[in-house]
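I have placed the structure first, in the form of structure tokens, so that the comments after it can refer back to it.
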């Protein structure tokens, strides 16, 4: 086999004799482009034409690589499967060395481990329960580790990383003001507008102010803020810590003697605990402003009467209750965000999953805890 | 074996942004040879490699890969050229969400029309070539550093490129694994006739595999030596080259014996 010009296209010819012996003559360049088409056609031909033996003549090939070797191997296997003879003609050292490269495979049985497609449902249930058990165990151990880190901060206040905490407060709090403000303003607007349609029938326009104030301050303000923060910052915590985890930065911290929880999670949790209630307060104010806009422009209320009605309705307890709730939400969001970050194992996809899971879990926990608060308050009051 | 040049670098000016790291680089890579680009840290080895595979456009000059100037060609032509090259990145750059087999299948599915069963067989062949038999269904994070490199090499070899680029193939590996990778490179070069361009500064690897070396220097921003590494080690007049091959410090810090 010589290599005069490598650009002769691949061709093959089937020569049959009367004894039922078939020779396949290969010519030209047997490369990755040629192998696919050839293999697709040749299987059918072999099964329909070969009755006693098949010879493959590769002397006129001017290029041969492992794609060619693959084709030869598959032809050989195909011939063996129908119990006929296989012969290779025109080999040289180069071809043999390429074939040898894969020789182990030519003889190797099909022993590729493929995961079974159907699995025992009991095994599935067991696996999934174990997964959840370990997940919950890790969650609890993370609660413990955060609690210990907080204890350390109370004993040694200097061990809190103030720089990181401030940066985090800026990212989580200050940067979120515009979006929280806009959403709350529109929410107040919508609420005032929708309730006014009903209240107007009774001439009770002024109670729009009370409705907006109570609904926002005790329920929607904290919840909307928490959901926005979960989407903006909870996912970011998970992605940041997750990326650090896969690039071994967390391990580096650990080996340098830092407590990763204290170093990474606590500044984020402290920052959230401080800024989320403030954001909730902003949310309340913007929502009341939204309600005020509707009241003044559409319900013939004066600004002062709207505001005094709002002040009359709200009690200090109501406001503090709302802020307390939003502190709990802040704790949940930042805790889940950091937890999911620390749970990352694997590559880039795992970081994405962690971010998604952080948002979903924290929104679920926010709603769950909010209902708990509602129950507590009902029995308390 | 032909001695035609498969890569020609002409008057290349390279770097990132405004910063020129490589100035006026000229060299050829011959067909089916193993060329090592070497030099100290920060001399622009990896930058040169990035220019040669078209990841960064050079600031000036031409790079002909199999006759196509990848510094100025059209996208369609560039894509055609990409089929002729395989790259092993320093960290192997395996896709973390895919198994080893899926990683290798990616270029095969894109560039050939092999039937599914044949692709499976081919993947087994490629894995056997890099001695990773049976690791088809592993995810990259389950592999050790050396295994990742091998899997990356199998992916780089998936569509039988004419030219194989290896960025620090033995960095971070133990001497035995590193020697095995060297053997593998020699084997691939011999059997498949693949042209291999390696960027490295591991002396043992250089002497084991290189047929020719091109040495870059940070200060000169260019090539300071070219040729057979064994010859250069013994006969080079250049201080940097001598210091590099003999592992001596150029600044010759004398230990204070008092």
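The values are calculated or read from the model by the stated rules, or taken from the named source; none is laboratory data. Predicted model, so just to flag it, every value in this text is computed and none were measured. Counting neighbours? That spans all protein chains shown, and the Cβs are built from the backbone with ideal geometry, glycine included.
Couple of notes before you dig in:
- Some residue of region B:213-228 being modelled with pLDDT under 90, surrounded by fewer than 17 Cβ atoms within 10 Å (Cβ to Cβ), over 16 Å from the mean Cα position of the chain (by Cα) and part of a helix (DSSP H, G or I): no
- Single unsatisfied condition, residue A:335 versus (1) surrounded by 19 or more Cβ atoms within 10 Å (Cβ to Cβ); (2) in contact with a helix residue (DSSP H, G or I) (Cβ under 6 Å, 6 or more places away or on another chain): (2)
- Residue B:172 assigned to a loop (DSSP other than H, G, I, E, B), within 12 Å of chain A (Cβ to nearest Cβ) and at pLDDT below 90: no
- In region B:125-136, the qualifying residues are those that are at the interface with chain A (Cβ under 7 Å from one of its Cβ atoms) and in contact (Cβ under 8 Å) with a residue 12 or more places away in the chain, and the one that is nearest to residue B:172 (Cα to Cα) is B:129.
- Filter result (touching a helix residue (DSSP H, G or I) at 6+ places or on another chain (Cβ under 7 Å) and within 12 Å of residue A:288 (Cα to Cα)) within region A:308-329: A:309, A:310, A:314
- Criterion: under 29 Å from residue B:178 (Cα atoms) and more than 10 Å from chain A (Cβ to nearest Cβ) - qualifying residue of B:106, B:139, B:122: B:106
- Among the residues of region A:52-79, those identified as closer than 18 Å to residue A:34 by Cβ and assigned to a strand (DSSP E or B) are A:56, A:57, A:58, A:59, A:60, A:61, A:62, A:63, A:64.
- Check on residue A:303, away from chain B (no Cβ under 14 Å), in contact with a helix residue (DSSP H, G or I) (Cβ under 9 Å, 6 or more places away or on another chain) and crowded, with 22+ Cβ neighbours inside 10 Å: no
- From the options A:15, A:42, A:75, A:24, residue that is free of Cβ contacts under 8 Å to residues at least 60 places away in the same chain, surrounded by 16 or more Cβ atoms within 10 Å (Cβ to Cβ) and more than 12 Å from chain B (Cβ to nearest Cβ): A:24
- Of all residues assigned to region A:347-357, at least one qualifies as being within 14 Å of chain B (Cβ to nearest Cβ), crowded, with 16+ Cβ neighbours inside 10 Å and not in a helix (DSSP H, G or I).
- Residues that are touching a residue at least 40 places away in the same chain (Cβ under 8 Å), farther than 19 Å from residue A:214 by Cα and out of contact with any helix residue (DSSP H, G or I) (no Cβ under 7 Å at 6 or more places or on another chain) within region A:353-381 comprise just one, A:356.
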